[in-house]
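So the structure is just underneath, and the comments pick up after that.
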Amino acid sequence: MSQKEEPRVKLPPPVQVGIVVEDVNKAVEYYTSTFGWGPFSVHDIEMKGATYRGKKCDCKLRIAFYRPGPVEIELIQPLEGDTLYGEFLRERGEGMQHLRFDVDDLQGILAELAEDGIRPVFSHSFPEAGISFAYLDTDRVGGVMFELMESKTPPKK
């Protein structure tokens, strides 16, 4: 990209650092006792019909969240199913896996990035919560995936 060209997509500052771990409870204990982080909010999440590398998949994760300031820490443990988190553990071991950016138009940004050959490797929507996200194949340079998340207020029933 020359100095005069604008980037195709300009992302806001990151709002989350995602760390894949073998055991969320062990990681929470470590980060709490060693660094004073916490309290963490721990949840088991099921995703049915997510898309992973172009195929539908079901998975279950244990995740823990801690927000010490403007950037949230997310710990992710794959429990069931084939996911990019399990892939990350197999190929790299535990570590920082993604940066999350909150966006207003997920589908529009994905269309723009597709023109540069950047595609989602994992995506899912939670319509009842008004949340959609996609992880991008941005780790080929720098080793970190980008997650884009769009939150909209779900319709009232």
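The values are calculated or read from the model by the stated rules, or taken from the named source; none is laboratory data. All values derive from a computational prediction rather than experimental measurement. Ideal geometry is used to build each Cβ from the backbone, glycine not excepted, and the neighbour counts take in all protein chains shown. What goes into the accessible areas is simple: the full protein's heavy atoms, side chains included, and nothing from ligands, DNA or RNA. Shrake-Rupley method; radii C 1.70, N 1.55, O 1.52, S 1.80 Å.
Scan the range 90-113 for residues that are over 26 Å from Leu75 (Cβ atoms) and exposed (fewer than 13 other Cβ atoms within 10 Å of the Cβ) and the total you get is 5. There is no residue in the range 61-78 that is surrounded by 14 or more Cβ atoms within 10 Å (Cβ to Cβ), in contact with an Asp or Glu (Cβ under 8 Å, 6 or more places away or on another chain) and more than 19 Å from Ser41 (Cα to Cα).
Only one entry in Pro13, Pro39 is under 15 Å from the mean Cα position of the chain (by Cα) and open to solvent by 70 Å² or more (accessible area, probe 1.4 Å), namely Pro13. As for the range 116-124, it holds at least one residue that is loosely packed, with under 15 Cβ neighbours inside 10 Å and either in contact (Cβ under 8 Å) with a residue 24 or more places away in the chain or assigned to a strand (DSSP E or B) (or both).
Screening His98 with (1) at pLDDT below 95; (2) outside any helix (DSSP H, G or I) gives one miss only, at (1).
The strands (runs of 3 or more DSSP E) located wholly in the range 13-89 that include 2 or more residues which are farther than 25 Å from Asp137 by Cβ and without any contact (Cβ under 8 Å) to a residue 60 or more places away in the chain occupy 41-52, 55-66.
Among residues of the range 127-140 that are more than 14 Å from Tyr52 (Cα to Cα), those with a Cβ under 8 angstrom from a residue that is among the β-branched types (Val, Ile, Thr) and open to solvent by 20 Å² or more (accessible area, probe 1.4 Å), sequence gap 6+ or separate chain, pair up as Gly130/Thr153; Thr138/Ile118; Thr138/Val144. Residues of the range 130-157 that are over 16 Å from Gly18 (Cβ atoms), under 16 Å from the mean Cα position of the chain (by Cα) and either hydrophobic (A, V, I, L, M, F, W, C) or surrounded by 18 or more Cβ atoms within 10 Å (Cβ to Cβ) (or both): Ser132, Glu150. Just one of the numbered conditions (1) open to solvent by 20 Å² or more (accessible area, probe 1.4 Å); (2) touching a His at 6+ places or on another chain (Cβ under 6 Å); (3) among the hydrophobic types (A, V, I, L, M, F, W, C) is not true of Ala50: (1).
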